[in-house]
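Here it is: the structure, laid out below.
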Amino acid sequence: MHPYNLDTLNKRFGLADILIFREGPGGLPVVEVFNEQASAVIALQGAHLLQWVPSGEDPVIWLSPEAKFAAGKSVRGGAPVCWPWFGPHEREAGFPAHGFARTVPWEVFETNANADGSTSVGLRLLHSDATRAQWPAASELELYIRIGTTLELDLLTRNTSSTAITIGEALHTYFRVRDIREVSVQGLEDLEYIDKVDGGTRKRQQGPVRFAGELDRIYLDHGSDCLIHDLGLQRRIRIHKRGSHSTVVWNPWIEKAEKMGDLGPDGYLHMLCVESANAAEDVVKIGPGGEHHLWMRYSVEAL
Ligand code: BG6
C-alpha cells in the first residue's frame, strides 16, 4: 500500500486547472500538470518524472510501452533519480543498482503556479528504516521540478550529519528519439570516458557520439551543454547543467534490451539515456551541514 491520500494532496497542493493528483498506472499516485506551456506527469514513488510535453512539441521523454508500475519497483523510462550511489553499490552486492531513491515514496511539500506561466513541484524523499539500513548518514534529498517551455530539475542533497558524506547521483533521463541510428550526441568531443561495454576501459571521445550497437559510457569531468541531435524528429534537445561533473550515455541495443524484458518491441530504437550525473571519480563529497545541487535544464530547438 502506498502512503498517499489523494484527497488530502489535492486539497493541500492542487492548483485549479493546472495541477491535480490522481491514481496513475499500477495504482501509483501521480501528479499531473497542464499549463499553457507544457504538460507533465510525475509519479510520487521515486519523484519519477514520466512525461514532459512542451506545447506543440512531440513528447521529449520516453516511457517504455512495457514499463511495469508497482510499489518498490523502478520504472523503465522517464527520469529515474539515482541516489545516493550510481550503478552497483561499491561494497554491498545486495543493495539496489543506482541507489534506492527511485523506488521509495517521496512526499510533495510545495506546488506553485509561477508568474512566468510555468508550474513547480517540490518533492522530498521519505527516509524509512529500510533506506537508513542502506544509508545511515543523516541527510535530506529534495527534487524541484519546474514545468514550462523548458524543464528544470534541481536535485538537492543536504548533509544534516556531523561527518562528511560522499554521494553518487544522476537524473537517468530517457529521451525520446525517432530512430537512434539517426541520432548523434554533441558536446562530449575529446573527453575521457569509461567504456562499460569494454570492461571499463578508459578511452577518449572522437567527434560526436553515434549509435550502432550497445553503448554504455561515463564521460568524466564534463559540465558543459550536451545536445541530442535527432534528424528524424528534426529537433535538438539541449541539456544545460550545473553541479554535474559526469555525463552517462546509454542505449542497450537489441540483445540486452531483450534480456531486460521491459523495453518493448524495438524500444531501444526510440530511446536514449543522457544522464546528468556525478559518478565514478566525480562523486561528490559534502561536508557536515553542507549541501549540493545537481541542476539541469532541458530545452528543445528546431533543426
Ligand atoms: C545506466 C548504466 O545508467 O543505467 C547501465 O550505465 C545500466 O549500465 C542502465 O544498464 C540501466 O540500469 P537499470 O538499473 O535501470 O536497469
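Nothing in this text is a laboratory measurement; each read-out follows from the coordinates by a stated rule. From a predicted model like this one, the values you see are computed outputs, not experimental measurements. All Cβ positions, glycine included, derive from the backbone under ideal geometry; neighbour counts span all protein chains shown.
List the pairs whose first member sits in region 215-230 and is free of Cβ contacts under 8 Å to residues at least 40 places away in the same chain, whose second member is of a type in the set (A, V, I, L, M), and whose Cβ atoms are under 6 Å apart, counting only residues at least 6 apart or on separate chains?
Going by the 6 Å Cβ cut-off, the qualifying pairs are D216/V197; R217/V249; Y219/L188; Y219/L191; H222/L191.
Quick check on region 9-26. Is at least one of its residues assigned to a loop (DSSP other than H, G, I, E, B), closer than 30 Å to A302 by Cβ and within 16 Å of the ligand (Cβ to nearest atom)? Walk me through it before giving the result.
Step one: filter region 9-26 for residues assigned to a loop (DSSP other than H, G, I, E, B), giving 14, 16-18, 24.
Filter again for closer than 30 Å to A302 by Cβ, leaving 17-18.
If we keep only those that are within 16 Å of the ligand (Cβ to nearest atom) too, we end up with none.
Looking for residues that are assigned to a loop (DSSP other than H, G, I, E, B), closer than 30 Å to A302 by Cβ and within 16 Å of the ligand (Cβ to nearest atom), one finds none in region 9-26, hence no.
Considering only residues of region 96-111 that are touching a residue at least 40 places away in the same chain (Cβ under 8 Å) and more than 16 Å from the ligand (Cβ to nearest atom), which is farthest from A130 (Cα to Cα)?
Per the stated criteria, the residue is T111.
Continuing with this model, one more query. If we only count strands (runs of 3 or more DSSP E) wholly inside region 184-303, which ones have 2 or more residues that are of a type in the set (S, T, Y) and within 24 Å of W85 (Cβ to Cβ)?
246-251
Could you look through region 245-297, keep only residues that are of a type in the set (A, V, I, L, M) and away from the ligand (no atom under 13 Å from the Cβ), and pick out the one that is surrounded by the most Cβ atoms within 10 Å (Cβ to Cβ)?
Of all residues in region 245-297, those of a type in the set (A, V, I, L, M) come to 248-249, 254, 257, 260, 263, 269, 271-272, 274, 277, 279-280, 283-284, 286, 294, 296.
Imposing the further condition that a residue be away from the ligand (no atom under 13 Å from the Cβ) reduces the set to 254, 269, 283-284, 286, 294, 296.
Values: I254: 13, L269: 21, V283: 18, V284: 18, I286: 18, L294: 25, M296: 21.
Checking each candidate, the answer is L294.
Would you check if E301 is more than 15 Å from the ligand (Cβ to nearest atom) and under 25 Å from N159 (Cβ atoms)?
Here the answer is no, as E301 does not meet what is asked.
What number of residues within region 180-201 satisfy the criterion of being within 16 Å of the ligand (Cβ to nearest atom) and exposed (fewer than 11 other Cβ atoms within 10 Å of the Cβ)?
Selection size over region 180-201: 3.
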